[in-house]
Amino acid sequence: MLRIHFLYPAISITVIWLILKAVNILFIKKKFELKREVVNLLYYISVMVVIGLTLFPLEIVTSSEEFPELNLPSNFVPFASIYELLNSHYYMVSLKNILGNIILFVPLGFILVLKYKRINNLRNVILVGLLTSLLIELIQLTLPNRAFDIDDIILNALGTMIGFLICKVIRIEQSFGLSSIPKQIN
């Protein structure tokens, strides 16, 4: 069995991202906007953390029969694993799993508001959170050491919504003049 940790892919992706940012600033735009670049950096860090925590380490096996412990059960019944976790005697496991899934996606809801003009409403933010989480869960369905869990999608969407609401409540766009950031995909 081969185990791939996230450090080397993360370093590679970060180097490529930095090169692309440098080319973009030096040769294409020729204008560096600190506010936009801070939002882009926060977005990048958020995406890398989500990928690192949800998809890695990757376990590569030649046969799933050799390592049956890697075949985790999936949950397709809404609220089944949340109910099981809440009724667990080990409250730290419940706390880590439930709050972890919510907190993991809070930055996404926050950053979407700052980065994309068309996603600047609750419905669109929740939809992006749902689709992003669904994509991650579908990828996990194909990995031997991960499992699909519909409750993760629900909790991740809740986290995205909370991030959006926090951003709107503290009005960071107006407070720091971030509403003038050009809303574009970088």
Helix 34-55: inclination vs the chain longest Cα principal axis, degrees, rounded to 10, gives 10 degrees
Dividing the mean separation of Cα pairs under 8 Å (6+ apart) by the residue count of the chain yields a relative contact order in percent of 28 percent
Largest to smallest accessible area among R118, R3 [probe 1.4 Å]: R118, R3
Can you give me the distance in nm between label points at L95 and V15, each placed 7 Å from the Cα along the Cα-to-Cβ direction? 4.0 nm
Would you mind calculating the gained length between L134 and F76 on full extension (0.36 nm times residue separation, minus the Cα-Cα distance), in nm to one decimal? 19.7 nm
State the number of lysine pairs found in the chain whose Cα atoms come within less than 26 Å, restricting to pairs 8 or more positions apart or on distinct chains. 25
Length gained if L41 through Y8 is fully extended, taking 0.36 nm per residue and subtracting the Cα-Cα distance, is 10.0 nm
Under a 1.4 angstrom probe, counting protein chains only, how are L138, L20 ranked by accessible area, largest first? L20, L138
Per residue, in Å², the accessible surface of the chain once ligands and nucleic acids are set aside, probe 1.4 Å: 62 Å²
Sulfur and carbon atoms: percent of accessible area, the chain [1.4 Å]: 72 percent
Please work out how much accessible surface F79 shows to a 1.4 Å probe, ignoring ligands, DNA and RNA, in Å² rounded to 10. 120 Å²
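The values are calculated or read from the model by the stated rules, or taken from the named source; none is laboratory data. Here the structure is a predicted model, which means the values were calculated and not measured. Cβ: placed from backbone, ideal geometry, glycine included. Neighbour counts: every protein chain shown. For accessibility, only protein heavy atoms count, side chains too; no ligands or nucleic acids. Shrake-Rupley method; radii C 1.70, N 1.55, O 1.52, S 1.80 Å.
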